[in-house]
Amino acid sequence: MNLFTPLSWSDSGFILTGILNTVYISVVAIIVGSLLGLLVGFVRAESNKSINMLLGAFLDVLRSVPLIIQLILFTTFIGAMGYPLNPFAAGSIILSLYTMAFMSEVFRSGFDSVPTSTIKAARSLGLNYLQTVRYIRIPIGMRAVFPSWLGVALSVIKDSALVSVIGYMELLRTAEQLISRTQQPIMILIGVGLFYFMISYPLSRYGKYVERKMEI
Amino acid sequence: MIEIKGVHKSFGDLEVLKGIDLNVNRGEVVSIIGASGSGKSTLLYCINAIEKINSGNIIVDGIDVHDKKTDINKLRQNLGMVFQQWNSFPHLTVLENAALAPQIVKGFSKEKAQEIATKELIHVGLGDKLHEYPTRMSGGQQQRLAIARALAMEPPYMLFDEVTSALDPELVGEVLDTLRLLRDDGMTMICVTHEIAFAKEVSDKVAFFHEGLIEEIGTPQQVLDNPQRERTQQFLSKVL
Amino acid sequence: MNNYEFHWNVVFDAFPQLLSGAFTTVHVSVLSMLVGIVIAVLLALGKLSNNKVFYHFANIWIEIARNTPALFLIYMAYFGLGAYGIHLSPYLAVFSALVFINAGYLAETFRGGFQSIPTTQYSAAKSLGMNNIKVYRYVILPQMFRRIYHPMTNQFVWSILMSSLGILVGMNELSGETQRLQSTSFRTLEFFMVAAAMYFVITKLVLFTSSLIAKKVFKGELS
Ligand SMILES: Nc1ncnc2c1ncn2[C@@H]1O[C@H](COP(=O)(O)OP(=O)(O)OP(=O)(O)O)[C@@H](O)[C@H]1O
Ligand SMILES: [Mg+2]
C-alpha cells in the first residue's frame with residue numbers, strides 16, 4: 001500500500017483554511033498592532049524622557065528577540081502558569097505586540113513630522129488639545145507615514161508564517177502537512193510562495209508609488 | 001585665452017546652442033546674461049567638457065577641449081567652475097573639500113594641498129571654518145567654499161554659473177564681494193549672472209544670450225546702458 | 001495560578017552548548033551578510049543596467065526576496081531542493097535562504113544609495129579635474145557608504161534574528177540548540193528565557209559596535 005497520496009481537489013478545503021488562517025491572524029495583528037502602536041507612538045512623541053526610556057526599553061526587547069522565541073516563550077509561560085490559550089489567541093497576542101513595537105516607531109515619526117507651527121495655527125483657531133490631535137496631528141502625521149506603515153504591515157503578513165511554531169494551522173504549516181502526506185514539496189511550496197507574493201508584491205509597489213508621489 | 005567658434009549643441013531634438021562665437025582674453029571678465037533657457041549654463045558646461053558639443057570648436061590656450069586626444073581631466077584643472085547649487089562635498093570638512101583635488105588630482109602632498117586650500121579659504125573669508133562640515137553652513141558660506149575649492153587648483157580661468165541665484169538675498173552680497181576680489185586679482189572669468197548691476201560694475205564685456213545665440217555683445221556701457229537690439233532692450237526692461 | 005518552580009542549574013550546566021549555538025548564529029549571520037553584500041552589488045548593477053536579461057534576472061531575485069516569507073525560502077532550500085536530490089544540511093539551507101534575502105534587500109538599499117547622490121556631485125568633482133575612478137573613490141562612494149550604513153546594520157540584525165528559524169529545520173544555532181537542550185531536560189521556560197536574553201545581548205552588541213564605528217568614521221557630519 002502506498003503511504004503517500006498525491007494532492008487532489010479534496011485538499012482544497014484544507015488549503016483554503018490555511019490561507020484564511022494566515023489572513024485572519026495577519027489582519028488581527030495589523031489592526032491591533034496599529035492601534036496599540038498609534039497609542040504608544042503618540043505617548044512617546046508627547047511624554048518626557050523617563051517614560052520614553054521605559055517604553056523604549058520594552059519595545060526594544062520586542063524588537064531584539066526573535067519572534068519565534070517570543071512565541072515559544074509566551075505559550076510555555078502561560079501554560080506553566082496554568083492558563084493555556086489556543087494557538088490562535090496566543091499567536092495573535094504576540095504577533096500584535098510584535099507589530100506594535102514596529103508600528104509605534106512609524107507613528108512616532110509621523111507625529112514628529114507635523115510642524116509645531118501647524119499645531120499652533122490649529123490651537124489659535126480655537127481647537128482644543130484633543131481636537132488638535134484628532135483633526136490635525138493624526139490625519140497629517142498618518143498620511144506622511146503611510147508607506148512605512150504599509151511596509152510594516154506587509155512584513156507582518158510574512159512573519160505570520162512563524163505562528164506555525166506554536167501549532168497554529170496557517171498556510172505554511174498546512175503546506176508542510178500536505179508535503180509530508182503527498183511528497184510533492186515543489187508544487188505545494190511554489191503555490192504557497194505565489195500566495196504571499198501576490199499579496200505582497202502589488203501592495204509594496206503601491207507603497208513605493210505613494211512614496212514617490214509624496215516626494216514631489 | 002578661450003576661443004569659442006561656431007558651437008552648436010543639442011539635447012535630443014532641442015537645439016540649445018545655435019552657433020556661439022566668443023573670445024575671452026587673459027585677464028578679462030565676461031558676463032553672460034539672458035533669459036532662462038537661453039543656453040547660458042549649457043555653454044559653460046561645454047567649455048568644461050561636462051557636456052559634449054555637436055559642432056564647432058572650443059579652444060583653451062591652444063588646446064581643443066572637445067578633441068578626443070585631449071586629456072580632459074588635465075584641461076579641467078585650468079578651468080575652475082562654480083555652480084548655481086553649491087555642491088560642496090558633504091562628507092568632507094571645509095578644509096578637506098578644498099584640499100581634495102590639489103592632493104588627488106595634482107598629486108601634492110597632503111600638507112601642501114592643505115596649505116594652498118587654507119590660503120584660498122582665508123581669501124574668501126572662511127578662515128575660521130576650516131574644520132566645520134559644509135552642511136552646517138549657510139548657502140553663502142558654502143558658495144564661497146565652492147569658489148575656494150575651485151581656486152585651490154590655481155586655475156587661470158574661472159567659470160561661474162549664476163552663483164548667487166540660489167542664495168537668500170542677504171547672502172548675495174558676500175559672494176559678489178568674493179568675485180570682486182578675484183577680478184581685482186586679475187583672474188580671467190566668465191560669469192553667467194542675473195545681477196545686472198554687478199555685471200555692469202565688474203565686466204569688460206557683456207554678452208546677451210537669446211535662444212541659443214549671442215544677440216548682442218560689447219562693453220557694459222554698450223550692451224547694458226545703450227542696447228541696440230530690440231530683444232536686449234526688452235530683456236533689460238524686464239529685469240531692471 | 002500554578003506555582004511554577006524555576007530550575008536554573010540545568011541551564012547553567014548547558015551554557016557552553018548555548019554559547020556554541022550563539023556562535024553558530026553569529027557565524028551564519030555574518031557569512032550570509034558577506035555573501036549577500038557581494039551578490040547585492042551585482043543585483044544593484046543589474047537593476048541599473050540597460051541589459052534586459054541582467055535587469056530582469058536582478059528584478060525577479062529582488063522581488064521574490066522581498067515579497068515572500070523567510071520561512072518559505074528556508075523550506076524551499078531544505079525540502080524543495082531535496083525533492084531534486086539536492087539535500088542541503090540545515091545550516092546550508094538557512095544560510096542560502098538568508099543570503100538570498102539579504103542580497104535582495106541590500107540590492108535595493110545599494111541602488112537607492114547610489115541614486116540618491118545628486119548628479120551635480122559628479123559635475124562638481126569632474127570640474128576639479130578628477131577622472132571617473134577618483135570621482136567614485138573620493139566623492140561618490142564615501143557619500144553612498146554613509147547612506148547605506150544604517151540600513152546595512154539593520155539588515156545584519158535582521159539576519160541574526162531570522163537565523164532563529166533554523167529551529168524549524170533542526171539547525172544547531174542558538175534557537176535550535178536551545179530546543180534540543182530543553183527537550184531532554186523539560187526546562188523549556190528557563191532555556192528559552194536565557195536564549196532570548198542572549199539574542200538581546202547579541203543584537204545590542206552589534207548595534208553598539210556599529211554606532212561606535214559610525215562615530216569614528218563619520219565624525220561630526222550631519223545626515
Ligand atoms: N541635460 C539636459 N538634457 C536635456 N535638456 C537640457 C539639459 N540641460 C539643459 N537642457 C535644456 O537646454 C535649455 C538651455 O538650458 P540652460 O540650462 O543652458 O539655460 P540657462 O540659460 O542656463 O537658463 P537658466 O537661466 O534657467 O539657468 C533648456 O531648455 C533646458 O531645458
Ligand atoms: Mg543656467
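What the table below lists for this structure:
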{"read-out": "Around C:H7: net Lys/Arg minus Asp/Glu count, Cβ-Cβ under 15 Å", "value": "-2"}
{"read-out": "Carbon plus sulfur fraction of accessible area for the range A:63-209, probe 1.4 Å, in percent", "value": "66"}
{"read-out": "Average beta-carbon neighbours from other chains, 10 Å sphere, peptide B:126-134", "value": "1"}
{"read-out": "Segments C:71-80, B:8-17 sorted - mean Cβ within 10 Å per residue, highest first", "value": "C:71-80, B:8-17"}
{"read-out": "Stretch gain in nm, segment C:H87-C:S185, where the contour uses 0.36 nm per residue and the Cα spacing is subtracted", "value": "32.2 nm"}
{"read-out": "Scattering profile of the range B:93-154 at q = 0.13, 0.19, 0.22, 0.25 Å⁻¹ [log10 I(q)/I(0), Debye over alpha-carbon scatterers]", "value": "-0.26, -0.55, -0.73, -0.93"}
{"read-out": "Candidate lysines for bridging to C:K47, where Cα separation is under 22 Å - those fewer than 8 sequence places away on the same chain excluded", "value": "A:K208, A:K213"}
{"read-out": "Shape of the range A:12-215, Cα gyration tensor, a/c cut at 1.5", "value": "oblate"}
{"read-out": "Sorted peptide list for C:208-215, C:25-32, criterion being average Cβ within 10 angstrom, highest first", "value": "C:25-32, C:208-215"}
{"read-out": "Most to least packed among C:180-189, B:95-104 [average Cβ atoms within 10 Å]", "value": "B:95-104, C:180-189"}
{"read-out": "Cα gyration tensor shape of the range A:135-216, rounded if a/c is under 1.5, else prolate or oblate by comparing a/b with b/c", "value": "oblate"}
{"read-out": "Kirkwood-Stokes translational diffusion coefficient of the range B:73-120, alpha-carbon pairs, 10 °C, 1.306 mPa s, µm²/s", "value": "139"}
{"read-out": "Global geometry of chain C, whether rounded, prolate or oblate, following the gyration tensor of its Cα atoms and the 1.5 cut on a/c", "value": "oblate"}
{"read-out": "Relative contact order (%) - chain B, alpha-carbon pairs under 8 angstrom, separation at least six", "value": "26"}
{"read-out": "Value of relative contact order over the range C:17-195, rounded to a whole percent, pairs C-alpha under 8 Å and six or more apart", "value": "32"}
{"read-out": "Complex-versus-alone comparison for the range C:106-131, residues with a loss of 10 Å² or more in accessible area, probe 1.4 Å", "value": "C:E108, C:T120, C:Q121, C:S123, C:A124, C:K126, C:S127, C:L128, C:G129, C:M130, C:N131"}
{"read-out": "Cβ-based net charge around B:Q77, under 14 Å, with every Lys or Arg adding one and every Asp or Glu removing one", "value": "+3"}
{"read-out": "The range C:130-223 - percent of accessible surface contributed by carbon and sulfur, probe 1.4 Å", "value": "67"}
{"read-out": "Within 10 Å of each Cβ in C:58-71, the average number of Cβ atoms from other chains", "value": "5"}
{"read-out": "Average Cα contact separation per residue, the range B:93-154, under 8 Å, 6 or more apart, as relative contact order %", "value": "46"}
{"read-out": "C:K219-A:I216 FRET efficiency (beta carbon distance; Förster radius 45 Å; 0.05 resolution)", "value": "0.85"}
{"read-out": "DSSP beta bridge pairing in chain B, given as percent antiparallel to the nearest 5", "value": "55"}
{"read-out": "DSSP beta bridges in the protein assembly as shown [antiparallel fraction, %, rounded to 5]", "value": "55"}
{"read-out": "Peptide-level mean, for B:69-78, of C-beta atoms on other protein chains within 10 Å", "value": "3"}
{"read-out": "Nearest-10 value in Å² for the accessible area of C:L42, using the 1.4 Å probe", "value": "100"}
{"read-out": "Per residue convex hull volume, Cα atoms of the protein assembly as shown, in Å³", "value": "225"}
{"read-out": "Whole-percent carbon and sulfur share, accessible surface of the range B:93-154, 1.4 Å", "value": "46"}
{"read-out": "Proximal charge balance of B:S10 [Cβ under 12 Å; K/R count +1, D/E count -1]", "value": "0"}
{"read-out": "Span-rule helices in chain A, defined as complete DSSP H runs reaching 20 Å or more along the axis (Cα) with Kyte mean at least 0.0", "value": "A:12-46, A:49-64, A:87-113, A:185-215"}
{"read-out": "Loss of accessible area when B meets C, both sides summed, Å² nearest 100, probe 1.4 Å", "value": "2000"}
{"read-out": "Euclidean distance of C-alpha centroids, the range A:11-38 and the range B:1-52, integer Å", "value": "63"}
{"read-out": "Residues along the range B:89-108 losing 10 Å² or more of accessible surface when the other protein chains are present rather than the chain by itself (probe 1.4 Å)", "value": "B:F89, B:P90, B:H91, B:E96, B:L100, B:A101, B:I104, B:V105"}
{"read-out": "Principal axis box of the range B:75-190, alpha-carbon based, largest edge first, Å", "value": "39, 31, 20"}
{"read-out": "Accessible surface, per residue, of the protein assembly as shown when the full set of protein chains is kept, probe 1.4 Å, Å²", "value": "47"}
{"read-out": "Span-like helix ranges in chain C, DSSP H, alpha carbon extent 24 angstrom or more, Kyte mean at least -0.5", "value": "C:15-48, C:90-115, C:141-162, C:188-218"}
{"read-out": "Summed buried accessible surface, chains A and C, 1.4 Å probe, nearest 100 Å²", "value": "3300"}
{"read-out": "In nm, spacing of pseudo-spin labels at A:E46 and B:S10 (7 Å Cα→C-beta vector)", "value": "6.4"}
{"read-out": "Pairwise centroid distance, computed over Cα atoms, of the range C:41-116 with the range C:119-136, Å", "value": "33"}
{"read-out": "Separation in nanometres of the label points that stand 7 Å from Cα toward Cβ, at B:N23 and C:T119", "value": "3.5"}
{"read-out": "Which listed pairs, of B:K40/B:K205; B:K5/B:K40; B:K18/B:K40; A:K158/C:K52; C:K126/C:K216; B:K110/C:K216, have C-alpha distances above 18 Å, in listed order", "value": "A:K158/C:K52; C:K126/C:K216; B:K110/C:K216"}
{"read-out": "Contour minus Cα-Cα distance for C:L31 and C:I60 (0.36 nm per residue)", "value": "8.1 nm"}
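The values are calculated or read from the model by the stated rules, or taken from the named source; none is laboratory data. Computed from a predicted model, the values in this text were never measured in an experiment. A quick note on method: Cβ atoms are made from the backbone with ideal geometry, for glycine too, and the neighbour counts reach across all protein chains shown. The accessibility values were calculated without ligands, DNA or RNA, using every heavy atom of the protein model including side chains. Shrake-Rupley method; radii C 1.70, N 1.55, O 1.52, S 1.80 Å.
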